[in-house]
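The values are calculated or read from the model by the stated rules, or taken from the named source; none is laboratory data. These figures come from a predicted structure and were not determined experimentally. Cβ sites come from the backbone with ideal geometry, for glycine too, and all protein chains shown count toward neighbours. To get the accessible areas, we keep the full protein, side chains included, count just its heavy atoms, and leave off ligands, DNA and RNA. Shrake-Rupley method; radii C 1.70, N 1.55, O 1.52, S 1.80 Å.
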Amino acid sequence: MKIIDFRFRPHTESILRGLAESPIFRDSLIAGGVDLEEFVGTAATVPDIAAELREAGITKACLIGRDAETTYDYKPNNEELKAFVKEAPSLFCAFAGLDPHKGMDCLCELEDRVKKDGFTGAATDPIYNKLPIDAPEFYPIYAKCCELNVPIVITTGPARFTRGTVAAFAHPDQIDRVANFFPTLKIIVSHGAWPYVNEMIGVSFRNKNVWLEASEYEGFPQGEAYIAAAGGILRNRFVFASAHPFVHYKKALALYQTFGFDDTTMARIMYENAAEALGLSD
């Protein structure tokens, strides 16, 4: 079975150390019982990571960039992701992290990454950018994605223990407005907009240009609704994602084997839905 992991963060030393030392993630990692030095100690090289993924049966790993430099001094990691695309372009696809506060500079960044570096699309973090998803600052990014005919990953979720964040800046109602305003924009919602579970399922159900992945939150309260939707009303809109390294991709793959999906549904979730969002053709 072919597998696309729609949220894979490579475990290089620089990326892991950046996560461990980041004001966005450090407190949440510690609260979750993570030993930060052990976490960084799991690092591997780019070729080794590629080999590990192929051995595990991963057909394609989507690298989701992040840029929250203006608000949290979290500098973009697009240049590092470029090395993965260069190392194994058939295995890795990168989504350029964009900071909407940078205005035209972020639009140029997206165009250059797509046209010059082989990136697949864009990625935004509204909570960490301290803006609602339907804020005017994001609309030029959405328009540029439509112009370039590339998808966008919108990261949602609770941003646990990150000071200055507003949970409502990841509400599905805002995604619904964007999806309606940009009907040709392919939107992949990362982390399922938890805790707004039913609202997010409803938005994906009613918009043919919205895909959903629930990485990290399948086992959280209401998480069973994601799984029921994946096997039912969102069979053609739900995509697998691990959120590696916060959830190891092998652990996530094993988890999905326990949900009891039939072979046809499993193929949709693990590969076919993501392939459609990415515009892949066999």
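Run through all the Cα pairs of segment 32-97 and give the fraction in each 10 Å bin from 0, expressed as whole percent.
Taking all Cα pairs of segment 32-97, the binned fractions are 19, 39, 37, 6 percent.
Which of 203, 189, 239 ends up with the largest GNM mean-square fluctuation for the chain, with Cα atoms connected below 10 Å?
In this elastic network of the chain, the residue with the biggest mean-square fluctuation among 203, 189, 239 is 203.
Pull up all non-local amide H partners of residue 12: gap of 5 or more, or a different chain, and H-to-H distance under 5 Å with H placed in the peptide plane.
It is 44, by chain and number.
So if I place +1 on the C-beta of Lys and Arg and -1 on the C-beta of Asp and Glu, and nothing else carries charge, what would the dipole magnitude of the chain be about its Cα centre? I want it in debye, nearest 20.
480
Rounded to whole Hz and in sequence order, give me ³J(HN,Hα) for segment 201-207 from the Karplus expression 6.51 cos²θ - 1.76 cosθ + 1.60, θ = phi - 60°, writing x for Gly and Pro.
4, x, 5, 5, 5, 8, 10
Counting only C-alpha contacts under 8 Å and six or more residues apart, can you give the relative contact order of the chain as a whole percent?
For the chain, the relative contact order is 18 percent.
Gap in Å between the Cα centre of segment 14-52 and the Cα centre of segment 245-282?
What the calculation gives is 24 Å, centre to centre.
Run the accessible area of the chain with a 1.4 Å probe and give the carbon-and-sulfur part as a rounded percent.
52
Quick one: work out the % antiparallel among DSSP beta bridges in the chain, nearest 5.
5
Tell me, what ³J(HN,Hα) does each residue in segment 91-103 have, in order and in whole Hz, if you take phi through Karplus 6.51 cos²θ - 1.76 cosθ + 1.60 with θ = phi - 60° and put x for Gly and Pro?
9, 9, 10, 10, 10, 5, x, 10, 9, x, 5, 8, x
So which trypsin sites (Lys or Arg not before Pro) in segment 1-60 pass both tests, a DSSP loop state and at most 15 other Cβ atoms within 10 Å of the Cβ?
Answer in residue order: 2.
So what's the back-of-envelope 222 nm ellipticity for the chain, counting only DSSP H runs of four-plus at -39500 (n - 2.57) apiece and dividing by all residues, rounded to 500?
After summing the helix terms and dividing by the residues of the chain, the value is -11500 deg cm²/dmol.
On average, how much accessible surface per residue is there in the chain, in Å², for a 1.4 Å probe, leaving out ligands, DNA and RNA?
With all protein chains present, the chain gives 42 Å² per residue.
Across the chain, how many lysine pairs separated by 8 or more positions, or lying on different chains, have Cα atoms within less than 18 Å?
Lysine pairs meeting the criterion: 19.
For residue 211, enumerate residues with amide H under 5 Å from its amide H, sequence gap 5+ or separate chain, H modeled in the peptide plane.
Close amide H contacts, sequence-distant or interchain: 187, 188, 189.
How large is the Kirkwood hydrodynamic radius of the chain, in angstrom, based on all distinct alpha carbon pairs?
Here the Kirkwood hydrodynamic radius works out to 18.6 Å.
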